[in-house]
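Reviewing the structure listed below.
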Amino acid sequence: MPERKIRAGKATQATGRRTPLVPTQERSRERFDRILAAASEILTEKGSDAFRMSDIVERTGIAFGSLYQYFPDKSAVIGTLAERCNAIGRDCVARDLAEMKKLSDLHAALSRITDGYEQMFREHPVAHHIWQATQADRSLQKIDEDDVAFLAGLLGDALKRVAPGVPATALASFSQLTMVLIAAAVRHAIILPPSEGRRSLALFKQLLPRDLAAVEQIAGKSRR
């Protein structure tokens, strides 16, 4: 996964989501990005539990009134950072899956995705704090759920190209579970000492599937 700033890119907006749209006017967009850059630094330094809107005001000099014009609360700030972080991850997963030309490429593709996530979390410690915040805040949990569903869709679409004979429902279930497991393995590894984390992920990658034999077997049983 290429090194990129978490604050780079555009936030996505889903219906009913509390993450704001990026302003279009240059001055407002600069202030918007300055707020997010400061929030990213503060989250890395203090963690999500200790993070406060007043920290942004203190660090940027932007008045509370102006801050609240962009973000009504800290959940909105963290949600926007999460969307931007997820957008980077989605681009990288799509790139890795594009290299899967045949089913025998499955294990290599899943291993690259695992390595890419680990690299992103190592290079951008704020990503771990963002994830912790989305898990702890009920209003933000759907962001993580939507991201897993999106990534599972990318994997499912790639598998349909290389394994067209496998039922779509079976591929969807496999894709969902696989992306959940990859995310969980990486998030576990990054809280370990680096050498132990690398060993954990090396073992996990050995356990990743190399084909869809188990999926086809279960799908065959369900048709009986």
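Miscellaneous remarks
- Over segment 45-88, the ratio between the Cα radius of gyration and 2.2 N^0.38 Å evaluates to 1.19.
- Listed peptides 75-84, 96-105, 191-200 by packing density, highest first (mean Cβ within 10 Å): 75-84, 96-105, 191-200
- The simple Förster model, with R0 at 25 Å and r as the Cβ-Cβ distance, assigns Glu196 and Phe64 a FRET efficiency of 0.05.
- Euclidean distance between Cα centres, segment 152-224 to segment 76-105, Å: 15 Å
- Ratio of Rg to Rh for segment 60-141: 1.14 [Cα atoms; Kirkwood radius as inverse mean 1/r over pairs].
- When P(r) over Cα pairs in 10 Å bins from 0, in percent is computed from the coordinates, the matching label among (1) 8, 32, 36, 19, 6, 1, 0; (2) 8, 34, 40, 16, 2, 0; (3) 7, 31, 31, 19, 9, 2, 0 is (3).
- Using the rule -39500 (n - 2.57) for each DSSP H run of four or more residues, divided by the residues of the chain, the 222 nm mean residue ellipticity is -23500 deg cm²/dmol.
- Take the chain with all the other protein chains still there, run a 1.4 Å probe, and you get 52 Å² of accessible area per residue.
The values are calculated or read from the model by the stated rules, or taken from the named source; none is laboratory data. All of these numbers come straight from a predicted model, not from anything done at the bench. Note that we place each Cβ from the backbone using ideal geometry, even for glycine, and neighbour counts take in every protein chain shown. Side chains are part of the model used for accessible areas, which takes the heavy atoms of the whole protein and leaves out ligands, DNA and RNA. Shrake-Rupley method; radii C 1.70, N 1.55, O 1.52, S 1.80 Å.
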